[in-house]
Amino acid sequence: MEKLIIEGGKPLYGEITISGAKNAALPCIAATLLAPGEHVLKNVPNLRDTRTILSLLEELGATWRREGATLFIDCSDIVYSEVSYDLVKTMRASVLVLGPLLARLGRAKVSLPGGCAIGERPINFHINGFERFGVDCRLEQGYVEAFIDGRLKGNTVYFDQPSVTATENLLMASVMASGTTTLKNAAREPEIGNLIDMLVNMGAEIEGKGTDSITVHGVSKLHAAETKIIPDRIETGTYLIAVGAAGGEAVIKNCNPLHLPALIEKLKESGLALTTEDSSISIAAQTKKGHELKSVDIKTMPYPGYPTDLQAQFMVLMTLSNSICVIKETIFENRFMHVAELRRMGATIKTEGNSAVVSGNGRDALSGARVMATDLRASSSLVIAGIAATGRTEISRIYHLERGYENLVAKLSNLGARVWKENE
């Protein structure tokens, strides 16, 4: 097992090119199950999670090959509809194959999902939606078993709260259902828009992209298509916060600033200088006396609000600020596990329920320490803390990072960070 070593205290300068979005690639890969033929997905990051879902498709009978950042996936010979626990346990997004398997085969058996330990994240929204389509769903021995005789039946589904994976799953299930489906209070994340683009490319009829009311007019069949994965807004935000914490200047290329409205506004409020272009963001962070970071409160919310996947990273930035701020987590109930590790590095943070009070102690607040990653985004927050801290930081259990950040060590090294891997 490997660990990450960081010698901190050095500002970052240069350029970073953002990879394709993991959270857009995963549902789009799952969507290839809907139609036979060779699908082409461009700008797909090579990550542990994307490799896992490709292995899952192989188990179902698909074949694939990668050429650089382009995937060629052929789902002509899908004959199996059961997905084992060994694959699903490492990644919650594996549940996304339920929708397309039901739409194409009328049956599916998928182990209950795993992934990061950041909360319960039940799949009742998925199951309730499938049942609205006429599907018989059963939970037995750790598996979701679902089947229907004939086509799914379009219906109206209302989400009690927006759910990204449930919206994606029911979208894929509904595209070949008979009649019309309306998803109300649906999630609006850009990754869902990317999936809608792919489904439309495949012949689906969908209205309401980017809104919380999506209407699907079912079609009898779909065909293979080509789609480009959008840039990863969470990777973009992570590197923006890293430069803000370490100091320096950088240009984040191949990104979409329109996908990060809340973060960009909060970074500007904290005193950082940001300039946006169509596909890049420039950031400058002064660390000289007189250029202190201002404390800024955040509250995580569904898109276009502040993203929960950038909460841990922003918390690190606020430990370096000049005052007290409150960070409220409203999406997941167990997403402050990074707090204990940040305290080991000198951070002053108190938690109560779903709120964290961060007492900023200035640019010199953090010092290197041995810490342990607990989930994907907590891992990246510890990397940012290590880069901003004085001294040496060792981060264990970095396999979490490899689920969501492509070439992280190389990209940070290109900015001048002193970071490398070693065996435990």
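Could you please let me know if Thr180 is among the hydroxyl-bearing types (Ser, Thr, Tyr) and over 27 Å from the mean Cα position of the chain (by Cα)? Give the steps one after another, and end with the answer.
Values: among the hydroxyl-bearing types (Ser, Thr, Tyr): yes; over 27 Å from the mean Cα position of the chain (by Cα): yes.
Answer is yes for this residue.
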Please determine whether any residue of the range 296-313 is acidic (Asp, Glu), farther than 17 Å from Ser355 by Cα, without any contact (Cβ under 8 Å) to a residue 60 or more places away in the chain and not in a strand (DSSP E or B).
no
When restricted to Glu277, Glu226, Glu265, the only residue of a type in the set (Asp, Glu) and free of Cβ contacts under 8 Å to residues at least 12 places away in the same chain is Glu265
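Among the residues of the range 197-252, which ones are of a type outside the set (A, V, I, L, M), more than 30 Å from Thr390 (Cα to Cα) and assigned to a helix (DSSP H, G or I)? Break it down stepwise before answering.
Restricting attention to the range 197-252, the residues satisfying the condition of being of a type outside the set (A, V, I, L, M) are 197, 201, 203, 205, 207-213, 215, 217-218, 220-221, 223, 226-228, 231-233, 235-239, 244, 247-249.
Those still in the list that are more than 30 Å from Thr390 (Cα to Cα) too: 197, 201, 203, 205, 207-213, 215, 217-218, 220-221, 223, 226-228, 231.
Answer for the range 197-252, where residues must be of a type outside the set (A, V, I, L, M), more than 30 Å from Thr390 (Cα to Cα) and assigned to a helix (DSSP H, G or I): Asp197, Asn201.
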Checking Arg344 against (1) over 23 Å from the mean Cα position of the chain (by Cα); (2) touching a residue at least 40 places away in the same chain (Cβ under 8 Å), the condition it does not meet
(2)
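For the range 320-424, which strands (runs of 3 or more DSSP E) that fit wholly inside it have 2 or more residues that are in the same structural domain as Thr52 (by TED's automatic domain parsing) and of a type in the set (A, V, I, L, M, F, W, C)? Quick ask: steps written out before the conclusion?
Values: elements: 324-328, 348-352, 355-359, 370-372, 392-396, 418-423.
Ranges flagged: none.
If the requirement is being of a type in the set (A, V, I, L, M) and more than 19 Å from Thr165 (Cα to Cα), which of these qualifies: Ile53, Ile78?
Details: Ile53 fails: more than 19 Å from Thr165 (Cα to Cα).
Going through Ile53, Ile78 in turn, just one is of a type in the set (A, V, I, L, M) and more than 19 Å from Thr165 (Cα to Cα): Ile78.
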Selection within the range 239-265 - surrounded by fewer than 24 Cβ atoms within 10 Å (Cβ to Cβ), farther than 26 Å from Leu183 by Cβ and not hydrophobic (A, V, I, L, M, F, W, C)
Gly247, Gly248, Glu249, Lys253, Asn254, Pro257, Glu265
Report the residue count in the range 6-28 for those that are on the phi > 0 side of the Ramachandran plot and either free of Cβ contacts under 8 Å to residues at least 24 places away in the same chain or in a strand (DSSP E or B) (or both).
1
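Take Val40 and tell me if it is touching a strand residue (DSSP E or B) at 6+ places or on another chain (Cβ under 9 Å) and touching a residue at least 60 places away in the same chain (Cβ under 8 Å).
Against the criterion (touching a strand residue (DSSP E or B) at 6+ places or on another chain (Cβ under 9 Å) and touching a residue at least 60 places away in the same chain (Cβ under 8 Å)), Val40 qualifies.
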Any residue at all in the range 269-277 that's over 20 Å from the mean Cα position of the chain (by Cα) and in a helix (DSSP H, G or I)?
yes
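The values are calculated or read from the model by the stated rules, or taken from the named source; none is laboratory data. Just so it is clear, the model here is predicted, and its values are computed rather than measured. Don't worry about glycine lacking a Cβ; one is built from the backbone with ideal geometry, like all the others, and counts go over all protein chains shown.
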